[in-house]
Amino acid sequence: DLMARAKSDPLVQRLANVELFEGLSTKQLDAIASAMRERTFAAGDTIIEEGATDGRFYLIDSGTADVSLKGTVVDHLGPGDYFGEIALIDNGPRTASVTATSDVRSLTLAHFNFRAVLKDNPDLVQKLLVQVCRLLRNTEAELYT
């Protein structure tokens, strides 16, 4: 039973907390989870480099990392935190660097694997478009208030 499995699958639960994936069904989240792969990094490793185009989403399973803009640390990440979800869609340049501050185990999804998930789940595309529009409206509202 997919619903029972999803409730017991911590990855599906964590994906449900990713802003971009809000409102997706358990089946859709499961399809995304199935396409993810484990990647590990040692303390000090650069996970992503500002300006690079690698189109990969990361969900931190264990460990910590710092987010930096032009060399200045602006955020600290830990288990359950994620980054790179917009790159899944546009494969655009990274807006920040992320560096492991301890050994990091992450679950990742490359944009080409995400495209395969979208191709197999066409109803997912519409939900993602609606969510992207919602996020854009929220960002605009924050800018103008």
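The values are calculated or read from the model by the stated rules, or taken from the named source; none is laboratory data. The structure presented is a predicted model; accordingly, all values stated were derived computationally and were not measured. Every residue, glycine among them, receives a Cβ derived from its backbone with ideal geometry; neighbour counts consider all protein chains shown. Side chains are part of the model used for accessible areas, which takes the heavy atoms of the whole protein and leaves out ligands, DNA and RNA. Shrake-Rupley method; radii C 1.70, N 1.55, O 1.52, S 1.80 Å.
Mind listing whichever residues of segment 111-133 are closer than 20 Å to R14 by Cβ and open to solvent by 60 Å² or more (accessible area, probe 1.4 Å)?
Scanning segment 111-133 gives a single hit, K127.
Which pairs turn up if I take residues in segment 4-26 that are closer than 25 Å to T139 by Cβ and look for partners that are at pLDDT below 85 and polar (S, T, N, Q) with beta carbon separation below 8 Å, at least 6 apart in sequence or on another chain?
E19/Q131; L20/Q131; F21/Q131; E22/Q131; G23/Q131
Considering T108, T101, which residue is within 30 Å of F41 (Cα to Cα), over 18 Å from the mean Cα position of the chain (by Cα), open to solvent by less than 90 Å² (accessible area, probe 1.4 Å) and β-branched (V, I, T)?
Of T108, T101, the one residue that is within 30 Å of F41 (Cα to Cα), over 18 Å from the mean Cα position of the chain (by Cα), open to solvent by less than 90 Å² (accessible area, probe 1.4 Å) and β-branched (V, I, T) is T101.
What number goes with the only condition from (1) assigned to a helix (DSSP H, G or I); (2) under 14 Å from V18 (Cβ atoms); (3) in contact (Cβ under 8 Å) with a residue 40 or more places away in the chain that A116 does not pass?
So A116 meets the others, but not (2).
What residue, of A96, A87, A16, A65, is open to solvent by less than 50 Å² (accessible area, probe 1.4 Å), touching a Leu at 6+ places or on another chain (Cβ under 8 Å), of a type outside the set (K, R) and within 28 Å of D123 (Cα to Cα)?
Numbers: A96 fails: within 28 Å of D123 (Cα to Cα); A87 fails: touching a Leu at 6+ places or on another chain (Cβ under 8 Å); A65 fails: within 28 Å of D123 (Cα to Cα).
On inspection, the qualifying residue turns out to be A16.
Given the conditions (1) over 23 Å from N121 (Cα atoms); (2) surrounded by 15 or more Cβ atoms within 10 Å (Cβ to Cβ), report the number of the one that F21 does not fulfil.
With (1) over 23 Å from N121 (Cα atoms); (2) surrounded by 15 or more Cβ atoms within 10 Å (Cβ to Cβ) applied to F21, the lone miss is (1).
Taking the stated definitions as given, is A31 open to solvent by less than 50 Å² (accessible area, probe 1.4 Å) and in contact (Cβ under 8 Å) with a residue 12 or more places away in the chain? Walk me through how you get there before you give the answer.
Working: open to solvent by less than 50 Å² (accessible area, probe 1.4 Å): yes; in contact (Cβ under 8 Å) with a residue 12 or more places away in the chain: yes.
When the stated conditions are applied, A31 passes them.
Go through E38, E49 for me and flag whichever is exposed (fewer than 14 other Cβ atoms within 10 Å of the Cβ) and touching a strand residue (DSSP E or B) at 6+ places or on another chain (Cβ under 9 Å).
E38
Among (1) part of a strand (DSSP E or B); (2) farther than 17 Å from L128 by Cα, there is one condition L109 misses while meeting the rest; what is its number?
(2)
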